[in-house]
Amino acid sequence: MALLDRAIVRVLPAIPRPIVRKVSGRYIAGTELADACRVVKRLNDEGKLATIDVLGEEISSREEALEIVRAYHDVFETIEREGLDSNVSVKLTGLGLKLGYDLCRANLERVVRHAAESDNFVRIDMEDSSSTNDTIRMYRDLREGGLENVGIVLQAYLRRTIMDIRDLAPLRPNVRLCKGIYIEPLAIAYRDFDEVRENFVLCLDELLRAGSYVGIATHDEYLISEGLRLVGERGLTREQYEFQMLLGVREAAGAELVREGHRLRIYVPYGKEWYSYSLRRLQENPKIAGYIAADTVGRLLGRNGT
Ligand SMILES: Cc1cc2nc3c(=O)[nH]c(=O)nc-3n(C[C@H](O)[C@H](O)[C@H](O)COP(=O)(O)OP(=O)(O)OC[C@H]3O[C@@H](n4cnc5c(N)ncnc54)[C@H](O)[C@@H]3O)c2cc1C
C-alpha cells in the first residue's frame, strides 16, 4: 500500500461520516431490507448466490440483540417470498455475545431454527480474537445439539486455525475460509502477506481433506488459483465447494469464476449500522486515498461526483 494510502487508513475514523458513507456505498446494499432484496435479485440474475448480513455489531442491550433476531426473521421471510437464492451471515456480537454466552446462544438458536424451517443456512462470521473461543464453542454446541444448517468462518491469519480445523474435523464443518480482517497481535497471528497466503492454502487443503464444504472467501488472484487447483486435484463437483466475495469488490474476477462454471456467493450487508463495516472495507481498499481525495475535492468544489 502506498504511503498516502497508509496515512489515510490511520486517520479514517476522523473523516466525516458523510464522506465515509459515500465512498463506502459500493460495499453496502443500503439501509433497508428492500435494498438488500434488490441487490440479491440482481446478483441471482447474474448467476451468483448471496449471503445477507444485517449490520449491527455494536449492540449494547438485550433489546438491540432481539431487534437483530427479528430482522433476520424478516430476511428469511423475504428470501422465501421473493424466491431469492441467499443464505444469511450473522455476527455473534450483534446477537449479544458480549452481554452473555447463553443469551447469545438462545438468540442464535432462534435464527438457526427459523432458517431450518425454510431449509436455509446460517453462517457465523468470525470477529476479532476476543471472540474466537466463544464462536467456535457456539458452533460446536449447535452442531452437537443436532443443528446442521449452520457454518462457521475460520481466519487464515490466526496461527491457531490449523489446529481448530483438526479439532473440528470430526464434525465435517461447513467453513468459510478467509484471511481475516481484524488487527491482531503478532503472537497469535501471521502478519506477513506471504505467510498468510501460505497458511490459507494449508488450511484449505486440511479442510478439503476433512471432507468439509468450503466457502473459499478471497479476492486474491493467487489464492483463487490455488483454490481452483486444490478443488480440481480432488475432482470436486461444483456442488462441493464455492467461492465467496464481498459486494463491490473485484466484480470482474467474480464474473469470470461464474463464467467458468463455479459457484460464487456474494456477501451482501445492509442496515443502518453501516459505519464499522464501511471502515473495515475502506481500510482494505488499495486505492483508498484516491477515492477519499476525489470525494473531498468534489465536495470542496461543490460537485456531487460520480
Ligand atoms: C465473503 C467474505 C466474507 C468474509 N467474512 C469475514 C469474517 O467473517 N471475518 C473476517 O475476519 N474477515 C472476513 N472477510 C474478510 C477477509 O478476511 C479479508 O479481509 C478480505 O477478504 C480481503 O482479503 P483477500 O483474501 O481478498 O486478499 P487481499 O490481498 O486483501 O485482497 C486481494 C485484492 O482484492 C482487492 N480488494 C480487497 N479488498 C478490497 C476492498 N475493500 N476494496 C477494493 N478492493 C479490494 C484488491 O485488489 C486486493 O489487492 C470476508 C471476506 C469475504 C470475501
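Below are the figures for this structure:
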{"quantity": "Residue pairs meeting the criteria (Cβ under 7 Å; at least 6 apart or on separate chains; first closer than 17 Å to Arg259 by Cβ, in segment 216-245; second loosely packed, with under 12 Cβ neighbours inside 10 Å)", "calculated": "Arg238/Gly261"}
{"quantity": "Segment 24-38, subset of a type in the set (A, V, I, L, M), open to solvent by 20 Å² or more (accessible area, probe 1.4 Å) and in contact with a Gly (Cβ under 9 Å, 6 or more places away or on another chain), residue farthest from Glu82 (Cα to Cα)", "calculated": "Ile28"}
{"quantity": "Looking only at segment 266-278, and only at residues there that are assigned to a helix (DSSP H, G or I) and more than 11 Å from the ligand (Cβ to nearest atom), the one that is nearest to Val231 (Cα to Cα)", "calculated": "Ser276"}
{"quantity": "Considering residues of segment 231-260 that are more than 16 Å from Cys178 (Cα to Cα) and assigned to a loop (DSSP other than H, G, I, E, B) only, the residue least open to solvent (accessible area, probe 1.4 Å)", "calculated": "Gly248"}
{"quantity": "Which numbered condition Tyr277 misses (of (1) more than 25 Å from Thr78 (Cα to Cα); (2) among the aromatic types (Phe, Trp, Tyr); (3) modelled with pLDDT under 95)", "calculated": "(1)"}
{"quantity": "Unmet criterion (only one of (1) away from the ligand (no atom under 12 Å from the Cβ); (2) part of a helix (DSSP H, G or I)) for Leu223", "calculated": "(1)"}
{"quantity": "Residue check, Asp164 buried (at least 17 other Cβ atoms within 10 Å of the Cβ), more than 13 Å from the ligand (Cβ to nearest atom) and not in a loop (DSSP other than H, G, I, E, B)", "calculated": "yes"}
{"quantity": "Residue within segment 230-248 that is among the hydroxyl-bearing types (Ser, Thr, Tyr) and over 25 Å from Val122 (Cα atoms) present", "calculated": "no"}
{"quantity": "Which listed residue is near the ligand (Cβ under 10 Å from one of its atoms), touching a residue at least 24 places away in the same chain (Cβ under 8 Å) and either under 16 Å from Cys178 (Cβ atoms) or open to solvent by 30 Å² or more (accessible area, probe 1.4 Å) (or both), from Arg263, Arg281", "calculated": "Arg281"}
{"quantity": "Residue check, Leu12 farther than 15 Å from Val268 by Cα, open to solvent by less than 30 Å² (accessible area, probe 1.4 Å) and not in a loop (DSSP other than H, G, I, E, B)", "calculated": "yes"}
{"quantity": "All positions within segment 200-217 that are within 13 Å of the ligand (Cβ to nearest atom), touching a helix residue (DSSP H, G or I) at 6+ places or on another chain (Cβ under 9 Å) and open to solvent by 10 Å² or more (accessible area, probe 1.4 Å)", "calculated": "Val201"}
{"quantity": "Count of residues meeting criterion [farther than 29 Å from Gly232 by Cβ and not hydroxyl-bearing (Ser, Thr, Tyr)] in segment 243-293", "calculated": "17"}
{"quantity": "Segment 167-189, subset open to solvent by 50 Å² or more (accessible area, probe 1.4 Å) and away from the ligand (no atom under 11 Å from the Cβ), residue nearest to Arg280 (Cα to Cα)", "calculated": "Pro185"}
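The values are calculated or read from the model by the stated rules, or taken from the named source; none is laboratory data. All values reported here derive from a predicted model rather than from experimental measurement. Cβ sites come from the backbone with ideal geometry, for glycine too, and all protein chains shown count toward neighbours. Ligands, DNA and RNA are excluded from the accessible area calculation, which covers all protein heavy atoms including side chains. Shrake-Rupley method; radii C 1.70, N 1.55, O 1.52, S 1.80 Å.
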